[in-house]
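Enquirer: Pasting in a structure now, in structure tokens, and then I'll have a few things to ask.
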Amino acid sequence: MNFLDKIKARAKADKKTIVLPESMDKRTFAAAEQILKEGIANIVIIGTPEEIAENSKGYDISGAVTVDPFNDPNKQKYIDKFVELRAKKGVTPEQAKEQMEKDYMYYACLMCKCGDADGAVSGACHSTGNTIRPALQLLKTKPGISSVSGFFVMEVPNCDCGDNGVFVFADCAVNTDLDSAKLAEIAGLSAESFKTFTGGEPKVAMLSYSTMGSAKHDDVTKVAEAVKIAKEKFPDIELDGELQLDAALVPSVGELKAPGSKVAGHANTLVFPSLEAGNIGYKLVQRLAKAEAYGPVLQGLSMPVNDLSRGCFAEDIVGVVAMTAVQAQLAGN
Ligand code: ACO
């Protein structure tokens, strides 16, 4: 069984309810049909009857619940919750209603917050920023977590590095301003994500262009400081750095450049020093090594909400919904 088949099997074992707010996109309906047919999750689709009729043509979504954001008996409950959650920002009921009608992702997050759904997936026709901003504003981070970040599970064919070619890469999607404290937090969350999604023991490499002080620069100090913080904060996680990518992955290079490190040469969880490095890094591996890239999956949010690539296929939406459902199982929602 490949990675995705295992995730789908886990999702089916305890079905969760996932909201898809992009009724303006046909891929939503193609994915919903497959999810319902395979029994991966219960599906709620947000859209007007016209949007749904137009874009669902040819797909059997009779097993989905549809919610019309203009005529929903629960709408006032969601408006009240929006106003309560954004009281400090001075959001009025009129503004809340307008925002929910204009951007269904707000509606989806409020359904999650009010316990009417377990998670949401969007982004087939919205940018990453517009997909995750409602979740950041309304659902917020898990207790004790300062920043939400985004990881990919990478499945590299014919690869004996990592966990037989399976890795977690982070942060590849969210934080444009990574400092040492945030990198350390991402290391802890990514280790947890590796365990959750692969069942294996994480070995976390904090990546840099320097290995154990081989270069001197503020960028290197940032990662070295993150390693110090992470080791203090997560003494049970196998974590090391700063490491160059080859020292992290290749045993002979790891032994040469970082002798004595338990992680060097055996890393399966890669924490990149910046969003540029993480985003470019996962795409390089995906395109040149023909790896499967599952994500970006958000970690650190209080409830599971996940983003899609705008170039995604319906099959990709199915995969992200399955991963979201597994996150919801673990969150106990
Ligand atoms: N974790 C938790 N909360 C956050 C985070 C975070 N990482 N970032 C912002 N927030 C909170 C803010 O505190 C704020 O809360 P408040 O409204 O209660 O005060 C709220 O979210 C909105 O924050 P803003 O800074 O106003 O939001 P912004 O418009 O800057 O959006 C965003 C934040 C969307 C995460 C932004 O940082 C971003 O666009 N990041 C890059 C996304 C991207 O383009 N990724 C690459 C493409 S993805 C791919 O290729 C797979």
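The values are calculated or read from the model by the stated rules, or taken from the named source; none is laboratory data. All values reported here derive from a predicted model rather than from experimental measurement. A quick note on method: Cβ atoms are made from the backbone with ideal geometry, for glycine too, and the neighbour counts reach across all protein chains shown. To get the accessible areas, we keep the full protein, side chains included, count just its heavy atoms, and leave off ligands, DNA and RNA. Shrake-Rupley method; radii C 1.70, N 1.55, O 1.52, S 1.80 Å.
Enquirer: Distance between the C-alpha centers of segment 169-236 and segment 8-58? Whole Å please.
Expert: Rounded to whole Å, the Cα centres lie 36 Å apart.
Enquirer: With a probe of 1.4 Å, find how much accessible area the chain has per residue, and write the answer as a whole number in Å². Don't skip to the end; give the middle numbers.
Expert: Working: 14610 Å² over 333 residues.
Here the per-residue accessible area is 44 Å².
Enquirer: Kirkwood hydrodynamic radius of segment 275-322 from all distinct Cα pairs, in Å?
Expert: Kirkwood radius, segment 275-322: 11.9 Å.
Enquirer: Now a separate question. Tell me which of 28, 224, 172 sits at the most positive position along the dipole axis of the chain, charges placed on C-beta atoms (Lys, Arg +1; Asp, Glu -1).
Expert: 224
Enquirer: At q = 0.17 Å⁻¹, work out log10 I(q)/I(0) for segment 1-140 with the Debye formula, treating every Cα as an identical point scatterer and leaving solvent out; two decimals please.
Expert: Per q value, in the given order, log10 I(q)/I(0) is -0.93.
Enquirer: Dividing the Cα radius of gyration by the Kirkwood radius, what Rg/Rh value follows for segment 106-236?
Expert: Using Cα coordinates only, the ratio equals 1.01.
Enquirer: According to a simple spin-label model (label point 7 Å from Cα along Cα-to-Cβ), what is the distance in nm between residue 214 and residue 77?
Expert: In this crude spin-label approximation the distance works out to 5.8 nm.
Enquirer: While we're on this one: Which distance in nm do the two modelled labels at residue 232 and residue 201 give, with both placed 7 Å along the Cα-to-Cβ direction?
Expert: 2.6
Enquirer: Roughly how big is the chain's charge dipole about its Cα centre, with Cβ charges of +1 (Lys, Arg) and -1 (Asp, Glu), in debye to the nearest 20? The partial results should precede the final answer.
Expert: On the way: 36 positive and 44 negative charges, 77 e Å.
Its charge dipole is roughly 360 debye.
Enquirer: Taking only Cα atoms, what is the 0 to 90° angle, nearest 10, from helix 314-331's long axis to the longest principal axis of the chain?
Expert: Taking the Cα atoms of the chain, the angle to 314-331 is about 80 degrees.
Enquirer: While we're here: With an 8 Å cut-off on Cα pairs and a minimum separation of 6 or more residues, tell me the relative contact order of segment 1-126 in percent. Provide the component values of the computation, followed by the final result.
Expert: Working: 171 pairs, mean separation 38.2, N = 126.
This gives 30 percent for segment 1-126.
Enquirer: For segment 77-164, what is the charge dipole size about the Cα centre, in debye to the nearest 20, if Lys and Arg each add +1 at the Cβ and Asp and Glu each add -1 at the Cβ?
Expert: 560
Enquirer: For a quick size check, give me the Cα extents of the chain along its three principal axes, largest first, whole Å.
Expert: Between the extreme Cα coordinates on each principal axis of the chain lie 65, 45, 30 Å.
Enquirer: Residue farthest toward the positive end of the dipole of the chain, with Cβ of Lys/Arg at +1 and Asp/Glu at -1: which of 295, 234, 319?
Expert: 234
Enquirer: Residue 164 to residue 57: FRET efficiency via 1/(1 + (r/R0)^6), r the Cβ-Cβ distance, R0 30 Å, to the nearest 0.05? Walk me through the numbers before you get to the answer.
Expert: Numbers: r = 42 Å, r/R0 = 1.41.
Using R0 = 30 Å, I get an efficiency of 0.10.
Enquirer: Further question: Helix 180-198: angle to the longest alpha-carbon principal axis of the chain, degrees 0 to 90, nearest 10?
Expert: Once rounded, the angle reads 70 degrees.
Enquirer: Of all the Cα-Cα pairs you can form in segment 80-122, what percent are over 13 Å apart?
Expert: Above the 13 Å cut-off, segment 80-122 has 53 percent of its Cα pairs.
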